[in-house]
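To keep things clear, I will list the structure first and then write my remarks on it.
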Amino acid sequence: MEARSCLVIVLAAGEGTRMRSARPKVLHAVAGQSLLGHVLAAVANFGATSIAIVVGPGQDAVAAEAKRFAPDTECFVQNERCGTAHAVLTAKSAIAARKPDDILVVYGDTPLVRPQTLARLRAPLAAGDSLAVAAFRPADPTGYGRLIVAGDRLIAIREHLDASAAEREVELCNGGIMAFAGKTALAILGRIGNQNRKGEYYLTDAVEIARDMKFRAVAVEVEEDDVRGINTKKELAEAEAVAQQRLRQAALDAGVTLIAPETVFLSADTTFGKDVVVEPYVVFGEKVSVEDGAVIHSFSHLVGARVGKGASVGPFARLRPGARLGENVHIGNFVEVKEATIEAGAKANHLSYIGDAFVGAEANIGAGTITCNYDGIAKHRTAIGKSAFIGSNSALVAPVQIGDGAYVGSGSVITADVPAEALALGRGRQVVKEGWATRLRALKSIGKRKAGSQD
Ligand code: UD1
Ligand code: CA
């Protein structure tokens, strides 16, 4: 049997004014990924053969984000917001050109939609239905379109504003995701008018039109989270909570030990190997991978970092973008690593900044070591050879290289390269003055007696 083709149309011409933000609504993030990114990830995983997105005028950033997740996405601009059916027809040429077996319409602001839910919506089309609509039962149905069903058929959707008192009693609501059989879609969509309270072209009118044309429409009940739309910062925070819950569950299912899962924050793209332990209160920003057997101790913050096998990070460590830790590397408390490769077995256990650097295998970076990578104009690199030993409280002024096996004395300011196996000292020489303190105290006591005799 040949696989059915499926065009997914993402509606994203939202105004988003209730977010009180200059940023387009669908570019706000949940679990470190834009709302639109979540939708497109679900669409891609579900097996769409082509994707079209409808954006508002001037929303180039939205189109660009869509292409970042799905490079072949075709973008359409809806110049005037005339309703959901009008938005879908903005992408009419994609429907006409591709002649898909199935068409799925999803909203760009529903980040929690899952691939399996999209697949369930599409399933009735393969069975010969013309239209399937995602149904759910919200605690408060106000504002949603109500689904009017008769037996196993969906016969109409009544928008809240246009619904009668009796219709408003209906609890089953339109979640917004709709699936259309490709061969009847344009005939149905072409008949939708705008004779309603809002004067908009309602996609929901497709149901009654399908019925008039003797096509079959059905409702498919889904979980509320799948159709949860984001309009406000409060709803964004609620979606974040659901997304975190799902990511923690997935990590646990994959065998990660989360001692207090509710305190660990993950990104949609965080990846873990086997036997990883994450202690309480750890934040994983975007693009972090943690390999087998690594331990992330409490209060660590990681973004754009790779943690190698068996490595130990934290407590209180900060890994910034470009931190690449090799096998069994130790990064301890109050250590910050940025754009640095740290090779197997190297250690920086206390109070350090390692930025724009290379640290060779088995090197030891003493407490308080700082790579001085910035001269106020440009960034420079520090290279530390394998098995080198950097004494505590040293400043390595980049660009600078410390050779393999070399030693740097504690408290040094290193401004010139250090050859392999050498010792470099860059600090004031210690001076000892025997008996100096005794003499000082004696002088002070003479002074005190003189001052006393004057009263
Ligand atoms: C819509 C449904 C309603 C459903 C609800 C679920 C219609 C007529 N109503 O109502 O039955 O219960 O969603 O959340 O479809 N959009 C455009 N261009 C437009 C209009 C909308 O791209 O001209 C996009 C929006 O960005 C949004 C989506 O379509 O992503 C839904 O539009 P919105 O105005 O929020 O529809 P609702 O009134 O909430
Ligand atoms: Ca809405």
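The values are calculated or read from the model by the stated rules, or taken from the named source; none is laboratory data. Predicted model only: the values in this text are computed from it and were never measured. Heads up, the Cβs are rebuilt from the backbone with ideal geometry, glycines too, and the neighbour counts pull from every protein chain shown.
Take the residues in the range 157-169 that are surrounded by fewer than 18 Cβ atoms within 10 Å (Cβ to Cβ) and within 24 Å of residue 213 (Cβ to Cβ); name whichever of them is farthest from ligand 2 (Cβ to nearest atom).
Going residue by residue through the range 157-169, those that are surrounded by fewer than 18 Cβ atoms within 10 Å (Cβ to Cβ) are 160-162, 164-169.
From what's left, within 24 Å of residue 213 (Cβ to Cβ): 162, 167.
Details: 162: 15, 167: 19 Å.
Selected residue: 167.
So in the range 16-72, with the set limited to residues that are crowded, with 22+ Cβ neighbours inside 10 Å, under 26 Å from residue 101 (Cβ atoms) and among the β-branched types (Val, Ile, Thr), which one is nearest to the chain's Cα centre (by Cα)?
Among residues in the range 16-72 that are crowded, with 22+ Cβ neighbours inside 10 Å, under 26 Å from residue 101 (Cβ atoms) and among the β-branched types (Val, Ile, Thr), the one nearest to the chain's Cα centre (by Cα) is 39.
Rundown of residues vs (1) at negative phi; (2) of a type outside the set (A, V, I, L, M); (3) out of contact with any Leu (no Cβ under 8 Å at 6 or more places or on another chain), yes/no style:
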position: 63; (1), (2), (3): yes, no, yes
position: 68; (1), (2), (3): yes, yes, yes
position: 79; (1), (2), (3): yes, yes, yes
position: 88; (1), (2), (3): yes, no, no
position: 96; (1), (2), (3): yes, no, no
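Restrict the check to the range 216-223 and report whether at least one residue is under 19 Å from residue 121 (Cα atoms), more than 16 Å from ligand 1 (Cβ to nearest atom), touching a residue at least 60 places away in the same chain (Cβ under 8 Å) and in a loop (DSSP other than H, G, I, E, B).
Yes: one or more hits.
Which pairs do you get when a residue that is farther than 15 Å from residue 90 by Cβ, found in the range 57-70, comes within reach of a residue that is part of a loop (DSSP other than H, G, I, E, B) and of a type in the set (Val, Ile, Thr), reach meaning Cβ atoms under 8 angstrom, with the pair 6+ apart or on two chains?
67/73
Find the residue count for the range 336-368, including only residues that are out of contact with any strand residue (DSSP E or B) (no Cβ under 8 Å at 6 or more places or on another chain) and not acidic (Asp, Glu).
3
Among the listed residues 233, 214, identify the single one that is within 16 Å of ligand 2 (Cβ to nearest atom), at pLDDT 95 or above and not small (Gly, Ala, Ser). Break it down stepwise before answering.
Numbers: 214 fails: within 16 Å of ligand 2 (Cβ to nearest atom).
Within the list 233, 214, the selection yields 233.
Mind checking which residues of the range 236-271 are more than 27 Å from residue 20 (Cβ to Cβ) and β-branched (Val, Ile, Thr)?
Within the range 236-271, 256, 257, 259, 263, 264, 270, 271 meet the criteria.
Restricting the search to the range 173-206, which residues are closer than 16 Å to residue 124 by Cβ and either part of a helix (DSSP H, G or I) or more than 16 Å from ligand 2 (Cβ to nearest atom) (or both)?
Scanning the range 173-206 gives 179, 180, 181, 182, 183, 184, 185, 188, 206.
Specify the residue that is nearest to residue 385 (Cα to Cα); the eligible residues are those in the range 405-455 that are of a type in the set (Asp, Glu) and either touching a Phe, Trp or Tyr at 6+ places or on another chain (Cβ under 6 Å) or without any contact (Cβ under 8 Å) to a residue 12 or more places away in the chain (or both). Let's see the steps before the verdict.
The first filter runs over the range 405-455 and keeps only residues of a type in the set (Asp, Glu), leaving 417, 421, 434, 455.
With the extra rule that they be either touching a Phe, Trp or Tyr at 6+ places or on another chain (Cβ under 6 Å) or without any contact (Cβ under 8 Å) to a residue 12 or more places away in the chain (or both), the set shrinks to 434, 455.
Details: 434: 40, 455: 68 Å.
Among those that are of a type in the set (Asp, Glu) and either touching a Phe, Trp or Tyr at 6+ places or on another chain (Cβ under 6 Å) or without any contact (Cβ under 8 Å) to a residue 12 or more places away in the chain (or both), it is 434.
So which of 386, 379, 433 ends up being modelled with pLDDT of 95 or more, surrounded by 17 or more Cβ atoms within 10 Å (Cβ to Cβ) and basic (Lys, Arg)? Even if it seems obvious, please write down each step before you answer.
Values: 379 fails: surrounded by 17 or more Cβ atoms within 10 Å (Cβ to Cβ); 433 fails: surrounded by 17 or more Cβ atoms within 10 Å (Cβ to Cβ).
The conditions single out 386.
For residue 78, are the conditions met, namely being within 16 Å of ligand 1 (Cβ to nearest atom) and touching a Pro at 6+ places or on another chain (Cβ under 6 Å)?
Details: within 16 Å of ligand 1 (Cβ to nearest atom): yes; touching a Pro at 6+ places or on another chain (Cβ under 6 Å): no.
Judged against the criteria, residue 78 is not a match.
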